[in-house]
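So the structure is just underneath, and the comments pick up after that.
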Amino acid sequence: MAADEKIADQLNTWRYPVFTVGPEEEDLKQRILQNIYLENINITDNDWDEHCSAVDSVLEKILLILKKYANKEYEGLIIHGSLKQGSSREGLKVNDPLEFDCLVQFEIEGMQVTKCQVFDYSGELMPEFIKLRVENPEYLLRIYPWLRRYKIFTKSGLHDTHCYINTKNLQEKVFMALLDKTRAHIFNRLPPDDRTIYTYRRSVKPPSFPIQISLDREISYAGGLYTQVSRESAKRPGQREYLSKLDIDFVPALLLRKDYVPNPYTVNNRNGEKEMTCSVYGVMKWERRLHESELTIDRVFIWRESTCGYEKLISDVGRRNPSQRYLMTACRIVKSYVTGIKSNRRETNQLHCVAVSYFLKNICFHCIALLTVPRKAKSLSGVKEALGYFLQFLELCIKSRNLPHFFYGNPWVHVMFPNCTFGSNKPEKNLYGRICKNTFTNAERAFRIMLQDLNGLFTEFDSLDPDRVGPFKELLGLTHEYRVQEKAISNFEAISSCALFVLCVIVFGILVALLTRDATESLS
């Protein structure tokens, strides 16, 4: 790992998807690439470079206009810039290279906030969610009239006199308006002939604003900027050709804090910086549809503590560890399969409900923590073994109807990041908590079909080391009998027997010596 390589907070770029096989797995690589269910797992370097360049150009133009209107109409609202995140940033992207996620960092100048917990109607703490209490609302309302006009600071209840940031109003009345002005600005600058073929759609799906730009004639227009996107037709057998789209998930984010984590480059270097920063952001998470937010009276104040800073750090460090690259490749294989069956509307698409991208990434992180940490003690032989463990972890989650959030209630987070503000000091969160029972029944059936479709690409479960799966079973609340302990007992018994034999030899020697001495004295 190069000491000067930038990672995590230091690196703000899209990353090539990870695809690595073991030293003896060239034949396996060809079988993966030729598998009919994984035909779109890889993205060519040329496609990746061109689409990354296109999205960066569009983002740059959008941010310039956002900053302009924020400065003009919302005094004190500062747009800092975009921070790349998601699978396109972490090297886990599959199938469609035209989807990108980014945080757009903002702040309200002079605002002082305190993080507060969120509870459901039964009084239970809701992990991952917070609300932000404003400590100086009177001052801010006086100098920034738009805060009062759009009711950005409101009270949460009869007995709580404090003001909190109203995420619903902030997103709908401020950021939505900013994006609409940006859309109109770009549209008005297009040549009249192009306005009919150019599409820029904005919707609201808290915490994100999905922005969709159609690429008719393989050209992306953004305020006079013309970016060539040479993508082959996405037409597949049995499907009609559709218009290529550039999808950007734009997520406004407020910096909550900066955690300090071990610097992986200075573990054995006394002269380097021992720690590096890992930023934690809050993203607005109110929701009108049936959702966790419906379980609390605070639903219009909800923020989610984003763990994307830690996620980027894990994936960046993992790119330099062969075993962790195998696991990231295994994650991409499963993602590609699940995405493919969903798009082809196969009967097994129920698997998608328990294997969405974020769920699979959490499983990948569990695999990295439990199978490859510490690196010197644990390793994997290649992708075949890594995929075997990955699939077994997924099967355990489906059968137990439990997928623990990697950063909430997980003691293994502290093994990787000793001072992490998440981990075992937070309540546990089951990512499967909102999925109905019938979905799991169908998903189990679909999972067995997936094992048949991927047959030969992974190590069979009965050939894996069960003790390496044991810690994950315990995280799921399941029991596991470790063979290692039995081996340790056997070793102890062997050592005890050996010690007893040595003791017998010593005692026998002493007796012989005593008898010899007595015989000598008698002769004397």
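The values are calculated or read from the model by the stated rules, or taken from the named source; none is laboratory data. Values in this document were obtained by computation on a predicted structure and should not be read as measured data. Because the Cβ atoms are built from the backbone with ideal geometry, glycine has one as well, and the counts that use them run over all protein chains shown. Surface accessibility is based on the protein's heavy atoms, side chains included, excluding ligands, DNA and RNA. Shrake-Rupley method; radii C 1.70, N 1.55, O 1.52, S 1.80 Å.
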Inset, instruction - Percent of Cα-Cα pairs per 10 Å bin, from 0 to the last occupied bin, for the range 1-158, please list those. - result: 8, 23, 24, 23, 14, 7, 2
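Arrange the residues Tyr121, Tyr358, Tyr281 by how much accessible surface each exposes, largest first, with a 1.4 angstrom probe. Please list the in-between numbers first.
On the way: Tyr121 150, Tyr358 70, Tyr281 20 Å².
Sorted descending by solvent-accessible area, the residues read Tyr121, Tyr358, Tyr281.
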Legend entry - Val174 - accessible surface, heavy atoms, 1.4 Å probe, Å² rounded to 10: 0
Inset, instruction - Please give the solvent-accessible surface of Glu305 in Å², to the nearest 10, using a probe radius of 1.4 Å with every protein chain present. - result: 0
Legend entry - Rounded accessible area of Asp249 (nearest 10 Å², 1.4 Å probe): 50
Inset, instruction - Apply the Karplus parameterisation 6.51 cos²θ - 1.76 cosθ + 1.60, with θ equal to phi minus 60°, to every residue of the range 313-318 and state each ³J(HN,Hα) to the nearest whole Hz, in sequence, with x for glycine and proline. - result: 5, 4, 5, 5, 5, x
Legend entry - Percent carbon-and-sulfur accessible area, the range 306-419, ignoring ligands, DNA and RNA, probe 1.4 Å: 49
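Among Glu460, Glu73, Glu5, Glu124, what's the order by accessible area (1.4 angstrom probe), most exposed first? Intermediate values should be presented prior to the final figure.
Details: Glu460 90, Glu73 65, Glu5 35, Glu124 115 Å².
Ranked from most to least accessible, the order is Glu124, Glu460, Glu73, Glu5.
Which pairs break 23 Å Cα to Cα here: Lys29/Lys335; Lys6/Lys258; Lys61/Lys84; Lys285/Lys361; Lys61/Lys151; Lys61/Lys361?
Numbers: Lys29/Lys335 17 Å; Lys6/Lys258 17 Å; Lys61/Lys84 16 Å; Lys285/Lys361 20 Å; Lys61/Lys151 29 Å; Lys61/Lys361 31 Å.
Table pairs above 23 Å Cα-Cα are Lys61/Lys151; Lys61/Lys361.
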Legend entry - the range 416-489 - charge dipole about Cα centre, Lys and Arg +1 at Cβ, Asp and Glu -1, debye rounded to 20: 400
Legend entry - Calculated from backbone phi, Karplus (6.51, -1.76, 1.60) coupling profile of the range 470-482 in Hz, x at Gly/Pro: x, x, 6, 4, 5, 4, 7, x, 9, 9, 8, 9, 7
